Each structure stands twice: as C-alpha cells, then as structure tokens.
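Novice: One structure follows; several queries about it will come next.
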Amino acid sequence: MVNLLIVIAISFTPSKNGKFLQPRATDDVADRSVRVYPKRIKDFGDSLYGFNAQLATGDNEILGVEFVGGYFWLSGGNSMANPNKLYKLDRNGVLEATYDQPTLSSWGFRDLASDGQYIYGTDDDGTIYQIDITDGSPTGVTIPGPLSVNRALAYDPSHDRFWTANFRSQIYEFDRNGNVFNVYPNNHNIYGMAWDDVSPGGPWLWVATQDYNGTTYNTIYQFDPRTGTYTDSAIVVNYGFPGGHAGGLAFASNLIQGKAVLIEVIQETDATGPHNDIVIAIEVADFGGYNTPMPPSSITSYSDYTMPSSMILRWND
C-alpha cells in the first residue's frame, strides 16, 4: 500500500448565521438530495496557491481549468451571456487573453483537459472540441464523447485516451475516435477529473466531486485507472465559502517548484456577499526534475576498513 501525502486547504469563512446560502444561478451544481460521505479522509495541510478567477475575468460562471504552456486556461459561461468564453491567464492569475468558445449554450465548456499541445472542452451536445493554445481557436477536430454532457474530462498521455463522467454517471475511458474501452461504476457527483502520472504508485485519476463533506460540496477522490476502483485516499476541500461547489480539476508538476498539485475551480455560492469563483492548487506529492532537484532519499555507504566509516553530505536546493 502506497503512503500518499495529501495536503489540502482547511480554512474557510463562515456564512451568515452559520447557514449555507442556496447555490447561485451561476453555479453548475449536482442534485443536493444525494449525499455521499467518504469513509476515509486525509485532511491535513494547506493549499499552496490560489487566486480569484471571477475577479480576474469578470465572469461569474467559471467552470473548467487547465495549466498548460505556462498559462492557466479557464472556461466560463460569460455571466449567462453569449458567447461562452475561454480565458488565458498567466501563472499569477493575471488575464492575458479572452477567446470565444465555439458553443452557445447557457454554460459552455465544463471541465477542461489537455494533451500538452491542445486543450479540450465539451458542451451539452456530447461533442469534445480541440482548441489551439496558440490563439484559442477551435482546430476543427472534434471527438464524439460517450455522454450527452461529458462534464468531467481528463487525458491519459500514455494511452492517448480520455476519461469522463457526468455527476453520478459511470466513468468512461475512450479514445479520439469515441471508441469506449472501459466503463466503471461510480456513486459520486463528479464534476472534474485530472490525470496524475507523477505521484507515487500512480498513475492516478483524481476526481473532483460535489459530494457534501459537512461544510462544502467539494470532495476529491483518488481513482485507480488500472483496477477501475476508488482508493482509500480522499481530500475534503474546506476552502472558500461554506456551501461552495467543486468545479473543474487539473494536474500540474510545473506550477510550483518541487510540487505536484491539483488545480481546482471552486464555484462559490454566496448570492449576496463578496465571495467569487476561485482557483486553488492543492499539494499531492513532492516532485523534482532537472530544474527542481530533490534531496537524495537513499544512500548506501561501504567501508574498505582503511578509512573512517563516516560521511558528510550537504544538499542545497
């Protein structure tokens, strides 16, 4: 069994009179009558990063997120107006560019996925659109998804396949032609997905859900794509305004030096106050590459019986 360190945000701002406000019309939420409580929760640590996405974009319908090419990409419903939008922000959360989505529904793209060259988003017709990250335009390439709304979306680079689910639907694995390879059971209100090929014991599929956890409608579960089952690891995200809902999910190992993180949109639900849609980064593993060296973790020393058996090791990161 792999020991996985999960660090999450645990601070929040209380609501008026300690009661939850109803979801805004600008929050894309699951049926609240169904509540699933995780059996095992690891809820220690802090979020490492965050910014106010609604304030940065002026859009109160921020839904999906990806981090690719050194930029955040957010999908938004353009505050209930058409056309729906894609937003490109730098790593500090500063808006760089705004693009029109090729869809005109009320919500537009939900969760986003990326293969490193393009981003992918889907609307209400089951079609997954490929978007060029150089100019935010659709390439003309589309993928037929297995669901009418492929709400959550993740990409597996090792098999060149996608994963999706829509709230309490089954979990689907499919290719660029829409061929379904596997279908797995699910009992969570899934909104976002992210592929993690860095954390120990992986790869893992992280699943952001709108399951109620006692404070927010935001619990992230770890799913094993090799067995098609959930593991015992889950993250209760009690960050932001009580009653906030999970949005899209992404994974990055190049946002914060030495850390692998989940990036999540939190849809806030304070209809009368200052609380907005936000983006946070949650640590899931240490990660080191050529530009982010990690300390040595295992060293074996042998004595030749002619020199003292001692060693001084110094490490500067």
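The values are calculated or read from the model by the stated rules, or taken from the named source; none is laboratory data. A quick note: this is a predicted structure, and the numbers were derived from the prediction, not measured. We place every Cβ from the backbone using ideal geometry, glycine too, and count neighbours over all the protein chains shown.
Novice: Identify all residues within the range 216-263 that are surrounded by 20 or more Cβ atoms within 10 Å (Cβ to Cβ) and hydroxyl-bearing (Ser, Thr, Tyr); write none if there are none. Outline the logic, then answer.
Specialist: Going residue by residue through the range 216-263, those that are surrounded by 20 or more Cβ atoms within 10 Å (Cβ to Cβ) are 216-223, 225, 230, 233-237, 239-253, 259-263.
Hits for the range 216-263 are 216, 217, 219, 221, 230, 233, 239, 253.
Novice: While we're looking at this one, here's another question. Only residues in the range 62-85 that are surrounded by fewer than 24 Cβ atoms within 10 Å (Cβ to Cβ) count as the first member; pair them with residues that are among the aromatic types (Phe, Trp, Tyr) and assigned to a strand (DSSP E or B), Cβ under 9 angstrom, at least 6 apart or cross-chain, and list the lot.
Specialist: Filtered contacts from the range 62-85: 67/73; 67/251; 68/118.
Novice: So, one more: As an exercise: evaluate residue 107 against (1) within 19 Å of residue 138 (Cβ to Cβ); (2) of a type in the set (A, V, I, L, M, F, W, C); (3) free of Cβ contacts under 8 Å to residues at least 24 places away in the same chain and give the number of the one condition it does not meet.
Specialist: All conditions are met except number (3).
Novice: Would you mind finding the one in 121, 140, 178 that is small (Gly, Ala, Ser), at pLDDT 95 or above, more than 25 Å from residue 277 (Cα to Cα) and part of a strand (DSSP E or B)?
Specialist: 140
Novice: Out of 46, 59, which single residue is modelled with pLDDT under 95, touching a strand residue (DSSP E or B) at 6+ places or on another chain (Cβ under 9 Å) and closer than 26 Å to residue 128 by Cβ?
Specialist: The conditions single out 59.
Novice: Consider residue 116 carefully, then state whether it is among the small types (Gly, Ala, Ser), assigned to a loop (DSSP other than H, G, I, E, B) and loosely packed, with under 15 Cβ neighbours inside 10 Å. Steps first, answer last, please.
Specialist: Numbers: among the small types (Gly, Ala, Ser): yes; assigned to a loop (DSSP other than H, G, I, E, B): yes; loosely packed, with under 15 Cβ neighbours inside 10 Å: yes.
Criteria met by residue 116.
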